[in-house]
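K.L.:
Sharing a structure below in structure tokens format, with a few things to ask.
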Amino acid sequence: MKVLKRNQLIVLVVSLMLITAGYLNFTTNQENVQASTIADRDDETIGDAQLVSTIPNENEETEVENENAENSTNQTENIIIDNETPTSSVVDNGEKNSNTKNESEDFYFTTSKLERNTMYSELLETYQDMYNNTNASGEQKSEALSKINEINNTKNAIMIAENLILAKGFEDAVIFVNDGSVSVIIKTDKLKDEQVAQVQNIVSRELNVKAETIHISNK
């Protein structure tokens with residue numbers, strides 16, 4: 001019986017050793033297979049990645065070419081605009097200077113006539129008050145009335161003379177009368193001798209003054 005039990009124990013131990021060895025062998029083979037599979041997958045992935053990265057993208061090339069062409073066009077347009085800017089600036093400056101000069105001249109003639117007419121209005125008001133004053137003597141009233149008529153006649157003569165001067169083709173004119181001396185300013189770049197004679201005749205006739213008291217200039 002002891003011999004049989006010993007043999008059985010030996011068989012059992014050998015069986016356990018064989019089972020353990022088989023299990024270890026199987027586990028090792030599985031790990032090798034998994035490692036090999038992972039390696040194969042990595043190789044395939046790397047290969048795909050290399051393959052994709054080396055294939056050119058036609059759309060990207062087209063976009064780059066279009067962008068380069070657009071930049072080139074923009075640069076050309078900028079060069080053309082820069083070249084044209086000085087000419088445009090010169091033209092603008094010339095027109096601006098001309099407009100400024102015209103505005104300055106128009107302002108002079110407008111304000112001069114306004115100030116002259118204001119002066120006459122104030123004189124008329126003064127003599128009118130003198131004439132209406134109940135304390136004024138007959139002589140004072142007669143003098144005031146004479147001044148009122150004189151101022152009105154001068155205003156009318158100036159208006160007619162200026163209109164006749166404009167009818168000769170001048171842009172504008174203003175006339176000042178002061179103690180028998182008459183000043184005439186004509187809006188023009190240059191006055192010819194025959195034009196001076198025309199203006200002189202008009203002023204002399206309408207304002208009833210001598211030719212030597214008339215002073216004509218241009219502005």
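Read-outs: derived from the displayed coordinates by stated rules, not from any lab. Source: prediction; values computed, not measured. Don't worry about glycine lacking a Cβ; one is built from the backbone with ideal geometry, like all the others, and counts go over all protein chains shown.
K.L.:
Would you mind ranking Ile19, Ile158 by Cβ crowding within 10 Å, fewest neighbours first?
P.N.:
Ascending Cβ contact count within 10 Å gives the list Ile19, Ile158.
K.L.:
Can you compute log10 of I(q)/I(0) for the range 139-219 with the Debye formula, treating each Cα as one identical point scatterer, at q = 0.12, 0.14 Å⁻¹?
P.N.:
Each listed q maps to, in turn, -0.36, -0.47.
K.L.:
What FRET efficiency, computed as 1/(1 + (r/R0)^6) with R0 = 25 Å and r the Cβ-Cβ distance, is obtained for Thr213 and Tyr120, rounded to the nearest 0.05? List each step's numbers first, then the result.
P.N.:
Values: r = 19 Å, r/R0 = 0.78.
Efficiency, rounded to the nearest 0.05: 0.80.
K.L.:
Continuing with the same structure: Which distance in nm do the two modelled labels at Glu103 and Asn152 give, with both placed 7 Å along the Cα-to-Cβ direction?
P.N.:
So the label points at Glu103 and Asn152 sit 4.1 nm apart.
K.L.:
Beyond 27 Å between alpha-carbons counts as too far, so tell me which of Lys168/Lys219; Lys147/Lys187; Lys168/Lys210; Lys155/Lys210; Lys147/Lys192; Lys155/Lys219 fall in that bin. Walk me through the intermediate numbers first.
P.N.:
Details: Lys168/Lys219 16 Å; Lys147/Lys187 31 Å; Lys168/Lys210 21 Å; Lys155/Lys210 18 Å; Lys147/Lys192 37 Å; Lys155/Lys219 22 Å.
Where the Cα-Cα span goes over 27 Å, the pairs concerned are Lys147/Lys187; Lys147/Lys192.
K.L.:
Fewest Cβ neighbours within 10 Å first, please rank Leu123, Leu16 accordingly. If you can, show how the numbers build up before the last one.
P.N.:
Numbers: Leu123 14, Leu16 10.
The most exposed by this proxy come first: Leu16, Leu123.
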